[in-house]
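The values are calculated or read from the model by the stated rules, or taken from the named source; none is laboratory data. Just so we're clear, the structure is a prediction, and the values are computed from it rather than from any experiment. In this analysis, Cβ positions are derived from the backbone assuming ideal geometry, glycine residues included, and neighbour counts consider all displayed protein chains.
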Amino acid sequence: MTSKFKLNGVHHVAYRCKDAKETVEFYNRVLGMDFMLAIAEDKVPSTGAPDPYMHVFLDAGRGNVLAFFEILGSPPMGRDPNTPDWVQHLAFDVASEEELLAIKERVQSEGLEVVGPTHHGVFKSIYFFDPSGHRLEVAWSFGTPEQYAQLKSVAWEMLEEWSRTKRPPHQSAWLHAAH
C-alpha cells in the first residue's frame with residue numbers, strides 16, 4: 001500500500017489522570033520529565049461541550065510528549081475491567097541497564113512495587129503504576145540489528161498465522177529460549 005503522506009511521529013499521547021498536579025510532580029520527580037505546558041478550558045474545543053479540564057504536557061525525551069487530562073465533568077476514572085492490568089501500559093526507553101536499575105531504585109524509594117527487570121530477549125524492562133493507576137514500563141534495548149531484522153522478517157507471517165489460528169506462532173520463540 002502506497003501512501004501520499006508520511007507521518008513525522010507521534011505529536012503526543014494523552015491519558016486521563018486523577019489529579020493533574022500530583023501527576024506532573026510524579027513524572028517530574030520519578031522519571032525526570034520536564035513539565036512543558038498546561039492548557040485549561042471550560043469547554044471541549046472539538047465538541048463545544050461544557051467540561052472543564054486541565055491538560056498538562058510532559059517531555060518524555062527525543063521529541064516525545066506525554067499528556068494528561070484532569071476532567072471534572074465525568075464519572076471517576078477507572079479502567080477496562082475486561083482487560084488485564086499488564087496489557088494497557090506506557091513504555092519508556094532508557095539507554096543502559098544502569099539507567100534501568102537506577103529508575104527501579106527511584107520507583108522503589110517512592111514505596112511503589114516494581115516488577116522486573118523482565119528479560120524479553122532483545123530488551124529488559126521494569127513495570128510499576130503511576131498515581132492514577134496507569135501501568136508504566138521502562139525498557140532498555142540491547143538487541144542487535146540482526147535480531148531486530150530477524151523479528152521484522154517474520155512479523156507478517158506471524159500475524160497471518162495468528163489471524164488464521166488464534167494460537168501463538170513460534171517464529172520468535174528464540175527470544176525466550178535462553179531465559
Condition first: touching a Lys or Arg at 6+ places or on another chain (Cβ under 9 Å) and either closer than 19 Å to Gly32 by Cα or free of Cβ contacts under 8 Å to residues at least 12 places away in the same chain (or both). Can you find one or more residues in the stretch 152-159 that meet it? no
List the number of the failed condition for Ala149; all other conditions in (1) over 27 Å from Glu25 (Cβ atoms); (2) surrounded by 14 or more Cβ atoms within 10 Å (Cβ to Cβ); (3) small (Gly, Ala, Ser) hold. (2)
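Only one of Val107, Val122 is touching a residue at least 24 places away in the same chain (Cβ under 8 Å) and in contact with a Ser or Thr (Cβ under 7 Å, 6 or more places away or on another chain). Can you tell me which? Steps first, answer last, please.
Details: Val107 fails: in contact with a Ser or Thr (Cβ under 7 Å, 6 or more places away or on another chain).
Testing whether each residue is touching a residue at least 24 places away in the same chain (Cβ under 8 Å) and in contact with a Ser or Thr (Cβ under 7 Å, 6 or more places away or on another chain) leaves just Val122.
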Among the numbered criteria (1) part of a helix (DSSP H, G or I); (2) in contact (Cβ under 8 Å) with a residue 40 or more places away in the chain, which single criterion is violated by Asn28? (2)
State which residue pairs qualify: first residue of a type in the set (Val, Ile, Thr) and inside the stretch 126-143, second residue part of a loop (DSSP other than H, G, I, E, B) in any location, beta carbons under 7 Å apart, and separation of 6 or more residues or different chains. Ile126/Val114
Which condition breaks for Arg167 when tested against (1) in contact with a His (Cβ under 6 Å, 6 or more places away or on another chain); (2) farther than 30 Å from Phe68 by Cα? (1)
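Across the stretch 2-32, which residue is surrounded by the most Cβ atoms within 10 Å (Cβ to Cβ) among those that are more than 30 Å from Gly111 (Cα to Cα) and of a type in the set (A, V, I, L, M)?
Filtering the stretch 2-32 for residues more than 30 Å from Gly111 (Cα to Cα) gives 2-11.
Filter once more, so that each one left must be of a type in the set (A, V, I, L, M): 7, 10.
Numbers: Leu7: 7, Val10: 11.
Only one residue tops the list, namely Val10.
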Restricting to the stretch 107-139, name every residue that is under 23 Å from Tyr15 (Cα atoms) and either of a type in the set (D, E, K, R) or in the same structural domain as Ala20 (by TED's automatic domain parsing) (or both). Glu110, Glu113, Asp130, Arg135, Glu137
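Residue-wise test of (1) more than 30 Å from Ala49 (Cα to Cα); (2) at pLDDT below 95.
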{"position": "Ala67", "(1), (2)": "no, no"}
{"position": "Pro76", "(1), (2)": "no, yes"}
{"position": "Asp80", "(1), (2)": "no, yes"}
{"position": "Asp85", "(1), (2)": "yes, yes"}
{"position": "Glu99", "(1), (2)": "yes, no"}
{"position": "Ile103", "(1), (2)": "yes, no"}
{"position": "Val107", "(1), (2)": "yes, no"}
{"position": "Val115", "(1), (2)": "yes, no"}
